[in-house]
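Take a look at this one; I'll ask things after.
The values are calculated or read from the model by the stated rules, or taken from the named source; none is laboratory data. Since the structure is predicted, the reported quantities are computational estimates derived from the model, not experimental observations. Virtual Cβ from ideal backbone geometry, glycine too; neighbours counted across all protein chains shown. Note: areas computed on protein heavy atoms with side chains; ligands, DNA, RNA excluded. Shrake-Rupley method; radii C 1.70, N 1.55, O 1.52, S 1.80 Å.
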Amino acid sequence: MKRLYRFLGSLPFALLLISFSILIVILGTVIEAKTESHKFAASFTYNSPAFAAVLAGFFLNILISALHRWPFKKRHIPFLATHLGLLMIIGGTLIKIYFGIQGRMILVEGSGSSQVLIPDSYALLIEERTSHGIVSRQAPIHALPELDGIFPHGKERYGTWIKEGKVEIAGLKPIAGYGAVMFGEEVWKVALEKTDAPEKLAEKYHAEKEPVLLITEDKEGSATVFACGKEEGIAKESYPADRLARYISYDDGFLGYTVPFKMRIEDRQAALKLVGDYLQKNSDLSGLDMLMEQAKKLTSKEIVLETALRPIHIPEEPQVKLEENRPIALLTIAGKQISLAYERNGTGLKWPANGGKWRIRFQPEYVEIPYRLRLRDARRLCYPGTGQPFSYEADILVTDLKSGRQIEKTLSMNHVYETAEGYRFYLSGIAPGDETSIERIQLAVNYDPARWRLTYPGALLAALGAFSLFWLRRFFS
Amino acid sequence: MRWIFLLCLLCSCAAPEEEAPEMQTIPGRDRVETYRAKIPESWIKSPPSEKESLADTTKPIYQLSIPCKEGDIIITVHNFPTEKFEERIPAEAQAARWRSQLGEALVTEVRPQSFGGFCGLRFDGEAENLAVTAWAMLLAPEHYPQVEGGRRADYTIKAVGPPSAMGRHREEIAAFARSFELIEEIPQP
């Protein structure tokens, strides 16, 4: 035991630890260079139990080598100061890892937040309507009894007008292949076609001069809807499978979402009335058919068709670059299975669940911080006369939630704002960067509870100790 | 001793935090305090009379003026409440109206703008005896479903005055316009 104790505080052990650290760093560098994935490299090195063991080894080695000097004398002071400083630095690092915050905050102009998203964490955000309004809570996804499983990677598509090979229009029975539907008093053919040239197909249908609602789907699953009425012109709208276009939410999303399609149909009653009014003043009945056609054109009315928006998740092989993986969670809630794709930034739609009682989203865990940040204005600064940016800035209003005090700050690249408590906010991204739509910023948020209490004092102490060891030895002897 | 002094000096170098300067509130068309902005002390504020109805959107919800020797600059704020998204007046339509009001304009410029949760455009125009700098701002589509009532209104800020006076005060006016925001935070979309 004594030999082990001596070894743990010895120089050979310190050299062994340093060698291991160097090997881990080299391994991490090589893996990251080969895979272009810091996360992948970290899983084998910095985040591995081996690296934690090396840190623990350093702590023991420094502590025991200091204790070897017991009983302590005046001449040991520089040595002990250096070692104590190093122990404080390592202690501070461990406290930062386990009790600190390293995350990001997304802010949209006009809005604010006091929530920091923790990257690479997985939680289910659940929102529920109560008598006090909408209440949010989160639960680590792995701890949920409703969780059936998680695919490490997949892609998300949006199902709209075509579901399971049939055309689905809200309020009507699903139509497979071809069908007919009454819109008002007009009969429309409905055709479902798979094609990568939807416009050409629409023109072919339009040439038939009969009202047709054509829904096409391409190889990627994107839908295009055409209303080829008797009039000139074809109403068209595209619904890409890989991104959201316009949508309508019902009950703020608690009852789901739909996508709309606007088209014009005949209003026969209005057309007849118009013709009747005309004939009361002009009794000439020749050209009545043409008159009726003109009346139909003038009195056509707009209707909006809707179909439910549904997410479709397709598991895929995980990427080597772990940062590009998008996990898919499968859950069974109130007897209904639902799949959710990971929303890395905590944005994206919240989907209805539990019979409309909940809105849920699969996203990183968030922690509440004692500051609320409101983004007032984000902008890109360009070189005069050019569109080349040289800096980005964001005006934020910081409210200390404990005291109510408010401070205005302008963040810019390399200009960090740090609160008195040690929360640091760093502007790490801005989109879109021009002013054509509202700006969104990403802040890197860092909180190290040990920075001023342990880490920095430890660094100062280690520096003073090392200085004294080499230049003030005579003073302490 | 020198080290202690150095440490004290380093610790005292932190820049003092700036308290947020006071914002002045501006009521909406329903007379409820809805907006706020930084209004320079030297500007003269002319809120609408309590007896006057503001239902007509041609009437400003607030008016300010900057006294200048060659003629005052008049700044008017209008807002346009809507029930439906489709009812909103496009920013380009406002800019076209301002352009036509200037008559024979020597210079006009339109730039996109985005701040405070609103996006739209800034119009700068100059005729021989008159200069205009104006903003037409619409509540961002992402925010529209989150906001209700009078807060949902789009707004315009228009500054009109002699060209020389406008040139001197343009930055100050722009700072006022860009500080204009809803008092209540908009929920994250």
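So, in Å, what gap is there between the alpha-carbon centers of segment A:230-275 and segment B:157-177?
45
Once you keep just the Cα pairs under 8 angstrom separated by 6 or more residues, what percentage relative contact order results for chain A?
This gives 22 percent for chain A.
Using only the alpha carbons of chain A, determine the length spanned along each of the three principal axes and report them from longest to shortest in whole angstroms.
Reported extents, whole Å, longest axis first: 126, 52, 46.
Between residue A:367 and residue A:120, with labels modelled 7 Å along Cα→Cβ, what's the label distance in nm to one decimal, could you check?
Placing both labels 7 Å along Cα→Cβ, they lie 1.5 nm apart.
Take the Cα of residue A:444, step 7 Å along the line toward its Cβ, and report every residue of segment A:395-420 whose backbone nitrogen sits under 15 Å from that point.
In segment A:395-420, the label zone of residue A:444 (backbone N under 15 Å from the point 7 Å along Cα→Cβ) covers A:412-418.
Could I ask something else about it? Could you tell me the distance between the Cα centroids of segment A:409-467 and segment A:293-351, to the nearest Å?
When both Cα centres are located, 36 Å separates them.
How much accessible area does residue A:68 have with a 1.4 Å probe, in Å² rounded to the nearest 10?
60
Further question: State, to one decimal in nm, how far the label point of residue A:60 lies from the label point of residue A:128, with both points 7 Å from Cα in the Cβ direction.
Distance between the two pseudo-spin positions: 4.7 nm.
With only Lys, Arg, Asp and Glu charged, each at its Cβ (+1 for the first two, -1 for the last two), find how big the charge dipole of the protein assembly as shown is about the Cα centre; round to the nearest 20 debye.
Dipole of the protein assembly as shown, to the nearest 20 debye: 3700 debye.
Sort B:166, B:23 by heavy-atom solvent-accessible area, probe 1.4 angstrom, most to least.
B:23, B:166
Taking the Cα-to-Cβ direction at residue A:144 and at residue A:10 and moving 7 Å from each Cα, how far apart do the two end points lie in nm?
With each label point 7 Å from Cα toward Cβ, the separation is 5.4 nm.
For a label point 7 angstrom out from the Cα of residue A:230 toward its Cβ, which stretches of segment A:277-321 have the backbone nitrogen within less than 14 Å?
The answer is A:288-301.
Let me ask something additional. Based on the Cα atoms of segment B:79-161, what semi-axes does the equivalent ellipsoid have, where each is the square root of 5 times one gyration tensor eigenvalue, given in whole Å with the largest first?
27, 11, 10
In nm, what is the difference between 0.36 nm times the number of residues separating residue A:46 and residue A:195 and their Cα-Cα distance?
This chain segment gains 48.6 nm when fully extended.
Near the amide H of residue A:413, under 5 Å away, which other amide H atoms are found, from residues 5 or more places off or on another chain, if H is placed in the peptide plane?
Result for residue A:413 returns A:392.
Same structure, new question: On alpha-carbon atoms, Rg over Rh for segment A:261-318 using Kirkwood Rh?
With Rg and the Kirkwood Rh in hand, the quotient comes to 1.49.
Once Rh for segment B:121-160 is found with the Kirkwood sum over Cα pairs, what is the Stokes-Einstein diffusion coefficient at 20 °C and 1.002 mPa s, in µm²/s?
182
Of the listed pairs A:402/B:158; A:236/A:357; B:45/B:69; A:204/A:297; A:189/B:84; A:402/B:38, which have alpha-carbon separations greater than 30 Å here?
Going by Cα-Cα distance, A:402/B:158; A:236/A:357; A:189/B:84 fall outside the 30 Å limit.
Evaluate the Kirkwood expression for the hydrodynamic radius of chain B, namely the inverse of the mean inverse distance over all pairs of different C-alpha atoms, and round to one decimal in Å.
This gives a value of 18.3 Å.
While we're here: Rounded to the nearest percent, how much of the accessible area of the protein assembly as shown (1.4 Å probe, protein heavy atoms only) is carbon and sulfur?
Within the protein assembly as shown, the accessible surface is 58 percent carbon and sulfur.
When only the heavy atoms of the protein chains count and the probe is 1.4 Å, how do A:292, A:105 rank by accessible area, highest first?
Correct descending sequence by accessible area is A:292, A:105.
Follow-up question, since we're still on this one. How far, in degrees from 0 to 90, does helix A:288-299 lean away from the longest principal axis of the Cα atoms of chain A, to the nearest 10?
Result, in degrees: 20.
So what is the calculated 222 nm ellipticity per residue for the protein assembly as shown, using -39500 (n - 2.57) for each DSSP H run with n of 4 or more, over all residues, to the nearest 500 deg cm²/dmol?
Helix contribution divided over all residues of the protein assembly as shown: -8500 deg cm²/dmol.
Report residue A:169's accessible area, 1.4 Å probe, all protein chains in place, as a number in Å² to the nearest 10.
10
Continuing with the same structure: Show A:183, A:151 ordered by accessible area, largest first, where the area counts protein heavy atoms only and the probe is 1.4 Å.
Solvent-accessible surface, decreasing: A:151, A:183.
Further, regarding this structure: For segment A:196-307, what is one quarter of the convex hull surface built on the Cα atoms, given in nm²?
9.3
Run the 1.4 Å probe and let me know the accessible area of residue A:83, rounded to the nearest 10 Å².
Answer for residue A:83: close to 30 Å² accessible.
Still on this structure: Please compute the length gained on full extension between residue A:288 and residue A:407, using 0.36 nm multiplied by the number of residues separating them and subtracting their Cα-Cα distance.
35.4 nm
Right, another one. Using only the alpha carbons of segment A:313-430, what is the convex hull's orientation-averaged projected area in square nanometres?
For segment A:313-430, the mean projected area of the Cα convex hull comes to 12.0 nm².
Here is a further query. Please give the Cα centre distance for segment A:93-112 versus segment B:25-96, rounded to the nearest Å.
39
Between Rg and the Kirkwood Rh of segment A:1-145, both from Cα atoms, what is the Rg to Rh ratio?
Reported Rg/Rh, Kirkwood definition of Rh: 1.15.
Want the number for residue A:251 to residue A:421: 0.36 nm per residue separation, take away the alpha-carbon distance, what's left?
57.1 nm
Given the convex hull of the Cα atoms of segment A:100-172, what is a quarter of its surface area in nm²?
Taking a quarter of the hull surface, the average projection is 9.8 nm².
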